[in-house]
1. Could you grab me the full set of residues in segment 172-209 that are of a type in the set (Val, Ile, Thr), within 30 Å of ARG160 (Cβ to Cβ) and touching a residue at least 40 places away in the same chain (Cβ under 8 Å)?
2. Does VAL47 qualify as being closer than 30 Å to PRO142 by Cα and either at pLDDT below 50 or among the aliphatic types (A, V, I, L, M) (or both)?
3. Restricting attention to segment 255-283, which residues are among the small types (Gly, Ala, Ser) and either surrounded by 15 or more Cβ atoms within 10 Å (Cβ to Cβ) or touching a Leu at 6+ places or on another chain (Cβ under 9 Å) (or both)?
4. Identify all residues within segment 226-269 that are over 19 Å from ASP351 (Cβ atoms), in a strand (DSSP E or B) and modelled with pLDDT of 80 or more; write none if there are none.
5. So in segment 290-320, with the set limited to residues that are aliphatic (A, V, I, L, M) and out of contact with any strand residue (DSSP E or B) (no Cβ under 7 Å at 6 or more places or on another chain), which one is surrounded by the fewest Cβ atoms within 10 Å (Cβ to Cβ)?
6. Of the residues ARG71, ARG118, ARG105, which is in contact with a strand residue (DSSP E or B) (Cβ under 8 Å, 6 or more places away or on another chain), over 20 Å from ASN264 (Cα atoms), surrounded by fewer than 21 Cβ atoms within 10 Å (Cβ to Cβ) and modelled with pLDDT of 95 or more?
7. Go through (1) surrounded by fewer than 18 Cβ atoms within 10 Å (Cβ to Cβ); (2) within 17 Å of the chain's Cα centre (by Cα) for PHE43 and report which single condition fails.
8. Confirm whether GLY190 is modelled with pLDDT of 95 or more, under 23 Å from VAL47 (Cα atoms) and touching a Lys or Arg at 6+ places or on another chain (Cβ under 8 Å).
Amino acid sequence: MTRAGRHRRTLAGLGALLALVGLAIAALWGGPIPVHRDTFYVFGTLVEIEIRGVPKTDARAAATRVGRLLREVHDDWHAWRPGGALSRLNAAIAEGRTTIMVDPRLAAVLHRGQHLSRASGGLFDPAIGRLVALWGFHADTPPTGAPPAPDRIAAVLAERPRMTDLSIEGLAVTSTNPAVQLDLGGFAKGAALDLAAAELRAMGIADAVLNAGGDVHVLGRHAGRRGGRTGGRPWRVAIRDPFMWGAVAAVSLRPGEGLYTSGNYERYFDHDGERFAHIIDPRTGTPVRHIVSVSVLDTDGARADAAATALSVADAGDWARVAAAMAVEAVLIITDQGEIWATEAMRNRLDPQIAATVRVFGHRHGPAFRPGPGADEGADAGPGADGAQQAAAAGPNGAGPDVALPTPAIQTPRGG
């Protein structure tokens, strides 16, 4: 072989080597990020999971395990489905049995529910299952017909079922009140997403989002990981507008955070021109009317979900106290008048255009009106103020939210 031939062969070999190196670098840093999506129907809603940045086979296996876990939890925590762990416990309490043994997962969620109920001052109380059933909200489908008669509500209230009637020692549950019927709907999705997120982390999943009908928990970041580095941006989640299609705001979630919302547009029935929603005030035995939506941002899904329920029930003058007692800082509340209220911590997480329309409540200033920076104190602070609603979900760079919004029921603000 001539010197020129050997030179051409060497160059060809170097070219092939460089091409292989280039492909390897592209695979590590420049290639498309693998994304796997799956859905499950549990807790009366569609749960969506998106896993990014891991091989498809690993992501599919992780999603399958999470789906199995959520279905198990749904069956065990369903208050009225025959054969479920919670249903059996309710039956045993109604029979007057003194001590009932439960499985570790149910014992843990009951203990957590008792603690959160105590912190809320009883505004969140999973022991009012008989009231939930009386109003017809114990099934996966909305109730129909007329609301229950006042004397039937009064009869349940007279028996005063409370989470404080329960004693939980290890796996042994005792109730001093046979009127207690447990319904975990006020925080079940939050507690279940906590379990699902822990399962994903245990399997080495770093970047994922779980969306249970608008209750969202995230791991890592939106773009996934490449070569051991975290890239992309935070997950962006919209807070839906309860009065029309769209969003009132959007929030960028930090790794491990979740956004949990209780709203009267999710489960309800109408009778004679009145709307009766699924959130029951334990003090009156009747559905909440003055609050349309409460969103809580926190790393603890069970706590956020329970706090959203409690704050839906609380009077406006008690919002700051209840939020502090339940150790949640970032809260957004929409009233039946179309007013948007938030804690300082939540307002600071909103885009400036939206933050300027929000009224602030907190320990220092109570629920009195306090405009956000740059707001006109005489302006309407309800949804759509200053054209902010149109930009709510888009964010500062025009990017839409990563989590799709379920369609809310269309309703009109009182007085609007």
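The values are calculated or read from the model by the stated rules, or taken from the named source; none is laboratory data. Note that the coordinates shown come from a computational prediction; the quantities given were computed from them, not determined experimentally. A quick note on method: Cβ atoms are made from the backbone with ideal geometry, for glycine too, and the neighbour counts reach across all protein chains shown.
1. VAL173, THR174, VAL180
2. It is true that VAL47 is closer than 30 Å to PRO142 by Cα and either at pLDDT below 50 or among the aliphatic types (A, V, I, L, M) (or both).
3. Result: GLY256, GLY258, SER262, GLY263, ALA277.
4. If the condition is that a residue be over 19 Å from ASP351 (Cβ atoms), in a strand (DSSP E or B) and modelled with pLDDT of 80 or more, then GLY258, TYR260, SER262, GLY263 are the ones that fit.
5. That would be ALA316.
6. Just one listed residue meets the conditions, ARG71.
7. Just one mismatch for PHE43, condition (1).
8. The answer is yes for GLY190.
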